[in-house]
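Trainee: The structure that follows is given in the form of structure tokens.
What follows is calculated from the coordinates using simple rules that are stated; it is not laboratory data. As the structure is a computational prediction, the values presented were derived from the model and not from experiment. Cβ: placed from backbone, ideal geometry, glycine included. Neighbour counts: every protein chain shown.
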Number of protein chains: 2
Amino acid sequence: MGKLLIVGSLAFDAIESPFGKTDKILGGAGTFIGLAASKFHVDAAIVSVVGNDFPQEYFDVLTGRNIDISGVEIVKDGKTFFWSGKYHNDMNSRDTLVTELNTLGDFNPIVPQNYKDADVVMLGNLHPSTQLSVINQMKERPKLIILDTMNFWMDNTLPELLAVIRHIDVITINDEEARQLSGEYSLVKAAEKISEMGPEYVVIKKGEHGALLFHEKNIFFAPALPLEEVFDPTGAGDTFAGGFAGYLASTRNISFENMKNAIIHGSNLASFCVEKFGTERMQTLQKEEIDKRLHQFKALTQFNIELQ
Amino acid sequence: MGKLLIVGSLAFDAIESPFGKTDKILGGAGTFIGLAASKFHVDAAIVSVVGNDFPQEYFDVLTGRNIDISGVEIVKDGKTFFWSGKYHNDMNSRDTLVTELNTLGDFNPIVPQNYKDADVVMLGNLHPSTQLSVINQMKERPKLIILDTMNFWMDNTLPELLAVIRHIDVITINDEEARQLSGEYSLVKAAEKISEMGPEYVVIKKGEHGALLFHEKNIFFAPALPLEEVFDPTGAGDTFAGGFAGYLASTRNISFENMKNAIIHGSNLASFCVEKFGTERMQTLQKEEIDKRLHQFKALTQFNIELQ
């Protein structure tokens with residue numbers, strides 16, 4: 001059983017979509033990553049920060065899945081990070097209505113002693129200096145460091161972002177962000193340029209259009225499972241990353257061939273995440289459902305052309 | 001060796017893209033479909049119409065690949081269909097600059113006697129009544145009738161389009177057209193509704209995002225091969241359809257499993273088509289190149305997760 005260290009927000013989300021509206025519910029990159037990773041046989045811990053408004057039942061969601069939360073700081077007089085967004089009818093674009101950083105604003109992550117030797121480190125979308133601070137606390141170089149980021153950090157803290165991605169193995173970003181970071185429209189060229197910045201592996205997430213994994217001259221692609229209905233895309237990218245990281249940590253095999261499997265597992269879990277609001281579907285998700293849908297992924301993508 | 005009957009335009013195209021500009025060059029759905037299908041061991045014929053301005057060398061491109069052109073009418077005092085378009089920087093959208101229907105305006109297709117028993121009929125994008133007229137000329141029901149169409153016919157001749165698609169087996173349209181025809185945003189639901197209109201198989205083309213094949217509750221997906229550069233997308237959809245139809249005709253096997261292979265072959269050929277202007281790349285394309293890229297498709301999509 002491999003050790004996985006997750007760094008990412010625990011948050012309140014309030015979501016509007018064509019299907020309805022939620023109050024403040026459990027959200028945050030760290031939450032979605034943790035829930036996805038917990039579907040694998042892995043020793044996972046989350047490093048994060050919350051305010052004293054973060055309810056015990058939300059901690060229980062994590063600890064109930066054997067996720068270590070000893071690295072979650074509770075700021076006594078602080079409030080938990082809050083995000084609110086509204087999805088448009090096509091579910092592919094959204095407006096952010098509210099972002100209250102609160103305690104996340106001066107988050108100073110402390111890696112618990114017994115996770116300083118984690119096999120895999122998954123750095124959720126956060127200030128790049130926060131991400132770098134976690135890398136610097138590791139006792140030895142992890143087998144694999146995965147980093148997720150977004151356009152906000154490219155716009156506002158590019159030097160810090162470039163500093164941290166020099167030290168990582170895998171970057172996960174969406175197609176527009178890959179184009180922004182590289183200045184290349186072609187995703188093949190974009191991945192090549194980004195790889196030169198540090199990460200040997202570049203994962204480009206294309207939402208409903210699937211995900212690409214680039215490594216040297218190799219490319220692997222996983223589609224998103226075509227669904228009757230996408231209910232709420234919030235957390236799908238983090239769930240994908242959590243499944244990817246969790247599978248790799250659990251198998252302790254970071255070969256390109258095994259990363260292909262990890263991409264499929266991540267895509268598979270993400271296809272559940274979007275079926276209900278927030279973390280709801282990930283909380284009820286059973287192993288049998290996961291396995292059944294892996295069969296669908298196989299049917300969706302595997303063919304049998306005899307090649308010479 | 002199966003017989004494939006292709007109905008589609010032979011045309012002059014003039015193309016502008018960020019990479020340059022062409023004079024009037026060989027184009028047309030029938031041309032692209034024929035060139036793609038000719039990569040397989042198939043007895044193919046094109047039914048079409050041109051003016052007396054259509055040069056012998058363009059006919060030679062087709063006959064040199066054993067494509068029967070006895071069903072191509074040459075209108076003595078007419079001009080050949082002419083299309084001109086300009087691609088935007090992202091290559092995903094284009095403006096039509098000129099459409100001169102010319103002889104295609106009152107095209108009355110005559111199926112040659114010895115192709116009235118074709119195994120597969122590929123109806124390229126044309127007026128739906130023209131497409132229906134071809135079906136009505138067949139001596140017996142072909143094993144498979146494939147139809148390509150576009151939003152123009154949905155906007156202007158919807159009753160005629162609905163009339164013809166009742167008689168076909170496979171429809172190929174792009175995602176926006178599938179949404180328009182069905183009134184459903186979800187492609188899963190769209191395919192279901194379209195299937196109720198007639199075709200048992202629905203192929204939804206998503207350009208650079210690949211293609212989906214729907215049949216009852218089964219879905220298969222083929223990505224577009226990620227390319228460093230898309231030079232000219234003209235004819236990619238027709239090349240995809242031609243590869244799909246040509247492979248099915250050559251194997252005379254219309255099982256869903258074999259259709260998966262056909263989708264891959266179509267996607268493979270389309271990935272070459274976009275590498276040069278017009279038909280240029282398809283004219284020089286060699287079997288070794290095709291086989292090599294099929295290996296890339298396999299590496300791109302095949303994984304090895306053990307399932308129970």
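Trainee: Measuring label to label, 7 Å along Cα→Cβ, what does residue B:291 give against each other copy in nm, shortest first?
Mentor: 4.1
Trainee: Using a cut-off of 14 Å between beta-carbons, work out the net charge of the residues near residue B:291 (Lys and Arg +1, Asp and Glu -1, residue B:291 not included).
Mentor: +2
Trainee: Share of antiparallel DSSP beta bridges in chain B, in percent to the nearest 5?
Mentor: Once the DSSP bridges in chain B are tallied, antiparallel ones form about 40 percent.
Trainee: Scale the Cα Rg of the range B:1-55 by the rule-of-thumb value 2.2 N^0.38 Å and send over the ratio, two decimals.
Mentor: Expressed relative to 2.2 N^0.38 Å, the Cα Rg reads 1.33.
Trainee: Can you give me the long-range amide H partners of residue B:73? Hydrogens built in the peptide plane at 1.01 Å from N, cutoff under 5 Å, separation of 5 or more residues or another chain.
Mentor: B:48, B:49, B:50
Trainee: What nm distances, shortest first, do you get from the label point of residue B:276 to those in the other copies when the point sits 7 angstrom along Cα to Cβ?
Mentor: Sorted ascending, the copy-to-copy spacings read 5.6 nm.
Trainee: Taking the Cα centre of the protein assembly as shown as origin and charging only Cβ (+1 Lys, Arg; -1 Asp, Glu), how large is the dipole, in debye to the nearest 20?
Mentor: That gives the protein assembly as shown a dipole magnitude of about 1060 debye.
Trainee: Another question, if that's okay. Holding the Cα-Cα limit at 25 Å, pick out from A:24/A:143; A:193/B:287; B:143/B:205 the pairs that are longer than that.
Mentor: A:24/A:143; A:193/B:287
Trainee: From Cα pairs below 8 angstrom and at least 6 apart in sequence, can you work out the relative contact order of the range B:215-293, rounded to a whole percent?
Mentor: 38
Trainee: Could you point to the residue in B:40, B:18, B:67 farthest towards the positive end of the range B:1-95's charge dipole, with +1 and -1 charges on the Cβ of Lys/Arg and Asp/Glu respectively?
Mentor: B:40
Trainee: Quick one: the Cα spread of the range B:109-216 along its three principal axes, in angstroms, biggest first?
Mentor: Over the range B:109-216, Cα extents along the principal axes are 42, 27, 26 Å.
Trainee: Given a Förster distance of 30 Å, report the FRET efficiency between residue A:24 and residue B:296 from their Cβ-Cβ distance, rounded to the nearest 0.05.
Mentor: Approximately 0.05, to the nearest 0.05.
Trainee: Continuing with this model, one more query. When you take every Cα atom in the protein assembly as shown, what is the radius of gyration, and what is Dmax, the widest Cα pair distance, in Å?
Mentor: Looking at the protein assembly as shown, its Cα Rg and Dmax stand at 26.6, 89 Å.
Trainee: Continuing with the same structure: Could you tell me what percent of the DSSP beta bridges with both partners in the protein assembly as shown are antiparallel, to the nearest 5?
Mentor: 40
Trainee: Also: Could you calculate, for the range B:1-133, the ratio of the Cα radius of gyration to the Kirkwood radius, expressed as Rg to Rh?
Mentor: 0.98
Trainee: Along each principal axis of its Cα atoms, how long is chain A end to end? Whole angstroms, biggest number first, please.
Mentor: So the three principal-axis extents are 67, 43, 39 Å.
Trainee: Moving to a separate point now. Kirkwood Rh, the range A:193-252, all Cα pairs: how many Å?
Mentor: 13.1
Trainee: Here is a follow-up. In Å³ and rounded to a whole number, note down the convex hull volume per residue for the Cα atoms of the range B:204-288.
Mentor: Hull volume normalised by residue count: 92 Å³.
Trainee: Using the 7 Å Cα-to-Cβ label point, sort the distances from residue B:200 to its equivalents in the other copies shortest first and give them in nm to one decimal.
Mentor: 4.9
Trainee: If you don't mind, there's one more thing I want to ask. Ratio to report: Rg/Rh of the range A:147-194, with Cα atoms as the point set and Rh obtained by the Kirkwood method; give two decimals.
Mentor: 0.92
Trainee: Moving on to the next point. Among residues other than residue B:33 whose Cβ falls under 10 Å from its Cβ, what is the net charge (Lys/Arg +1, Asp/Glu -1)?
Mentor: Once positives and negatives cancel, what remains is -2.
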